[in-house]
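The values are calculated or read from the model by the stated rules, or taken from the named source; none is laboratory data. Fair warning: this is a prediction, and the values are worked out from it, not measured in the lab. Methodologically, a virtual Cβ is constructed for each residue, glycine included, from the backbone with ideal geometry; neighbour enumeration extends over all protein chains shown. Areas reflect the complete protein model, heavy atoms only, side chains present, ligands, DNA and RNA absent. Shrake-Rupley method; radii C 1.70, N 1.55, O 1.52, S 1.80 Å.
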Amino acid sequence: MLYHLLVPLTKYFSFFNVFNYITFRSAGAAVTALLLSFIVGPLIVRRLQAMQVHQVVREGTPDSHQSKSATPTMGGLIVLVSLVVPTLLFARLDNRYVLLALVVTAWMGGIGFLDDYLKIRQKREGKKNLGLVEGNKLVGQIVISVALSLILWHFPLSTLPEPSTTLPFYKWTLIVPAGGLASWLFVPWVTFVLTGTSNAVNLSDGLDGLAAGLMAIAIIVFALFAYVMGRVDTSDYLQIFYLRGAGELTVFCSAVFGACIGFLWFNTHPAEVFMGDTGSLALGGALGVVAILLKSEILLLIVGAVFVAETLSVIVQRGVFKYRRRRYGLEYAQAHRVFLRAPLHHHFELKGWKEPQVVVRFWIIGILCAFVALSTLKLR
């Protein structure tokens, strides 16, 4: 918005020329998101406390988490407000990369909000806290994923073939379906990446500050990739594909980064508020859609390796448990679990790590993964 309002005034006030620069607007978006979270955060937290919108503790979590049932949830509203407003202020609103990223993030946040709301209402009514039925939640995620894939397929954002993705560590390498029926694989591919990433962040949101911190690390890496891929000179120098207009995603990613850091102010141990599905699904959607738009879905496996490990721990735990229960019986399956408890962060809690230790150590691993991902810019 500010770009469209102030850049035309450059001929009268040369200072406004700074709004032409993505770097300036990205910094502005990050700082605004951070400050906005400090402003709206206390207001939202107090409102949630007054409404007694308390956390629903998941079944199977360690006993030490039972005290968290009095902590308000749906704090993801802080994240959503803090990332959407700065993006609208500092990004170019005629850029389709930004518009698609905002729509997907808001859609995922809406699904999460409905899930949180139903959990709270069911708790008040004395019912089992199911929230939004898992199948319905998945349908909502699939709908936006299919819509995104079809838009990208039929209305490409760049000169590159849309049903395609790039390979880390390889220069000028683009994986493109052979055409015909194979091109339709793009739809399930986008669906898999977007829903998988959204749910992976959701699964990681089990300890104070864990998901927000990991998300901040991952999204700032993609902010750099968006900036590099959106410039002709740097993309050519680093031997990666140029995506015209993708640089504006740097503003969006910076806003997400600022919102996550600002949310950590309230979510750090002991948390004043939890993001709930409202925030975790939205942030996962933001990360997933950015990776898809930048054709960097495989890079996402490196950047979000901790999210991947958290998800795999749940899949392995459930799969092995079901197999052993069917083959050896329930008692044997319960006594021979792969992990003490899934997701993975609960396993380490039961191994004796304190909650802040798990969080910070997972952050450190996330930072290591970020450095590995950044190395792909030169190691080609």
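Need at least 3 residues that are under 26 Å from SER158 (Cβ atoms) per element, so show me which helices (runs of 4 or more DSSP H) inside the stretch 268-380 make the cut, counting only ones lying wholly within it.
Numbers: elements: 276-293, 297-303, 305-328, 330-335, 344-350, 355-375.
Fully inside the stretch 268-380 and qualifying: 276-293, 297-303, 355-375.
Please specify each residue of the stretch 234-279 satisfying the condition of being of a type in the set (A, V, I, L, M), touching a Phe, Trp or Tyr at 6+ places or on another chain (Cβ under 6 Å) and modelled with pLDDT of 95 or more.
First, the residues of the stretch 234-279 that are of a type in the set (A, V, I, L, M): 238, 240, 243, 246, 249, 251, 255-256, 259, 261, 264, 271, 273, 275.
Checking which are touching a Phe, Trp or Tyr at 6+ places or on another chain (Cβ under 6 Å) leaves us with 246, 249, 251, 273.
Result: ALA246, LEU249, VAL251.
Which members of the stretch 320-379 meet the condition of being polar (S, T, N, Q) and open to solvent by 80 Å² or more (accessible area, probe 1.4 Å)? Even if it seems obvious, please write down each step before you answer.
Residues of the stretch 320-379 that are polar (S, T, N, Q), as a first pass: 334, 357, 375-376.
Selection gives GLN334 alone.
Condition check: farther than 24 Å from GLN141 by Cα, among the small types (Gly, Ala, Ser) and in a helix (DSSP H, G or I). Does GLY258 satisfy that?
Details: farther than 24 Å from GLN141 by Cα: yes; among the small types (Gly, Ala, Ser): yes; in a helix (DSSP H, G or I): yes.
Here the answer is yes, as GLY258 does meet what is asked.
Only one of LEU207, LEU238 is in contact (Cβ under 8 Å) with a residue 24 or more places away in the chain and surrounded by fewer than 18 Cβ atoms within 10 Å (Cβ to Cβ); which?
Working: LEU207 fails: surrounded by fewer than 18 Cβ atoms within 10 Å (Cβ to Cβ).
After ruling out the rest, the residue left standing is LEU238.
Residue-by-condition table, conditions (1) outside any helix (DSSP H, G or I); (2) modelled with pLDDT of 95 or more; (3) within 24 Å of VAL201 (Cβ to Cβ); (4) open to solvent by less than 30 Å² (accessible area, probe 1.4 Å):
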{"residue": "HIS4", "(1), (2), (3), (4)": "no, no, no, no"}
{"residue": "SER26", "(1), (2), (3), (4)": "no, yes, yes, yes"}
{"residue": "ARG46", "(1), (2), (3), (4)": "no, no, no, no"}
{"residue": "GLN52", "(1), (2), (3), (4)": "yes, no, no, no"}
{"residue": "SER64", "(1), (2), (3), (4)": "no, no, yes, no"}
{"residue": "PRO86", "(1), (2), (3), (4)": "no, yes, yes, yes"}
{"residue": "TRP107", "(1), (2), (3), (4)": "no, yes, yes, no"}
{"residue": "LYS119", "(1), (2), (3), (4)": "no, no, yes, no"}
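Farther than 29 Å from PHE155 by Cβ and out of contact with any Cys (no Cβ under 8 Å at 6 or more places or on another chain): does that describe ILE120? First the steps, then the outcome.
Numbers: farther than 29 Å from PHE155 by Cβ: yes; out of contact with any Cys (no Cβ under 8 Å at 6 or more places or on another chain): yes.
In short, yes.
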